[in-house]
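Q: Please read through the structure below; I'll follow up with questions.
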Amino acid sequence: QVHLVESGGGRVEPGGSLTLSCVASRPLATSEQMAWYRQVPGKERDSVASMTHDGIKGYGGAVKGRFAISRDIATNTVYLPMNGLTSEGPGLYFCTAFLGGPFTWGQGLQVPVSS
């Protein structure tokens, strides 16, 4: 259906910023729902940011407005700018897409925060 490839991960200082990108193998429909999930060892995947097909955004309570989600239809790309990264920020981040049927998941991208 569609392939999603995440990029942009790396090590950052506590309180630093990082922007993740997700490139889809096909154009993103304006009605396509997108989201970023995060998974840490011993826990289930949690949604950290989502965007409905009409532009309504939602964020997990832990990010407290420090993360964002946006998409560029022209480049088939979804972004997750992350500001003020703390010890709660590290994890395996997944880009997801939904346009009817099952969710499509990216491979996951590790985001470490240095000490």
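Q: Being more than 18 Å from Pro102 (Cα to Cα) and open to solvent by 70 Å² or more (accessible area, probe 1.4 Å) is the filter here; which residues of the range 1-16 pass it? Before the answer, list the steps.
A: Keep residues of the range 1-16 that are more than 18 Å from Pro102 (Cα to Cα), which gives 6-16.
Listed by number, the residues that qualify are Arg11, Glu13, Pro14.
Q: Does the range 52-69 contain any residue that is open to solvent by less than 20 Å² (accessible area, probe 1.4 Å), in contact with a strand residue (DSSP E or B) (Cβ under 8 Å, 6 or more places away or on another chain), under 23 Å from Gly15 (Cα atoms) and at pLDDT 90 or above?
A: Checking the range 52-69: at least one residue is open to solvent by less than 20 Å² (accessible area, probe 1.4 Å), in contact with a strand residue (DSSP E or B) (Cβ under 8 Å, 6 or more places away or on another chain), under 23 Å from Gly15 (Cα atoms) and at pLDDT 90 or above.
Q: Those residues that are under 20 Å from Thr86 (Cα atoms), loosely packed, with under 14 Cβ neighbours inside 10 Å and not small (Gly, Ala, Ser), I need them from the range 29-45; list them, please. If you could, list the steps in order and put the result at the bottom.
A: Within the range 29-45, the first condition is being under 20 Å from Thr86 (Cα atoms), and the residues that meet it are 36-45.
With the extra rule that they be loosely packed, with under 14 Cβ neighbours inside 10 Å, the set shrinks to 40-44.
Matches in the range 29-45: Val40, Pro41, Lys43, Glu44.
Q: Also, I was wondering about something else. From the set of residues in the range 99-115 that are over 14 Å from Glu6 (Cβ atoms) and surrounded by fewer than 16 Cβ atoms within 10 Å (Cβ to Cβ), which is modelled with the lowest pLDDT? Steps first, answer last, please.
A: In the first step, residues of the range 99-115 are kept if they are over 14 Å from Glu6 (Cβ atoms); the result is 99-103, 112-115.
Now restrict to residues that are surrounded by fewer than 16 Cβ atoms within 10 Å (Cβ to Cβ): 100-103, 112, 114-115.
Numbers: Gly100: 85, Gly101: 86, Pro102: 92, Phe103: 92, Pro112: 90, Ser114: 82, Ser115: 68.
Among those residues, the one meeting the criterion is Ser115.
Q: With the checklist (1) surrounded by fewer than 14 Cβ atoms within 10 Å (Cβ to Cβ); (2) assigned to a strand (DSSP E or B) in hand, flag the one item Leu80 doesn't pass.
A: Condition (1) is where Leu80 drops out.
Q: Quickly run through the range 56-115 and pick out the residues that are more than 18 Å from Ser17 (Cβ to Cβ) and of a type in the set (Asp, Glu).
A: Within the range 56-115, Asp72 is the sole residue that qualifies.
The values are calculated or read from the model by the stated rules, or taken from the named source; none is laboratory data. None of the values given here were measured: they were computed from a predicted structure. Cβ atoms come from the backbone with ideal geometry, glycine included; neighbour counts cover every protein chain shown. Note: accessible area is taken over every heavy atom of the protein model, side chains too, but ligands, DNA and RNA are not part of it. Shrake-Rupley method; radii C 1.70, N 1.55, O 1.52, S 1.80 Å.
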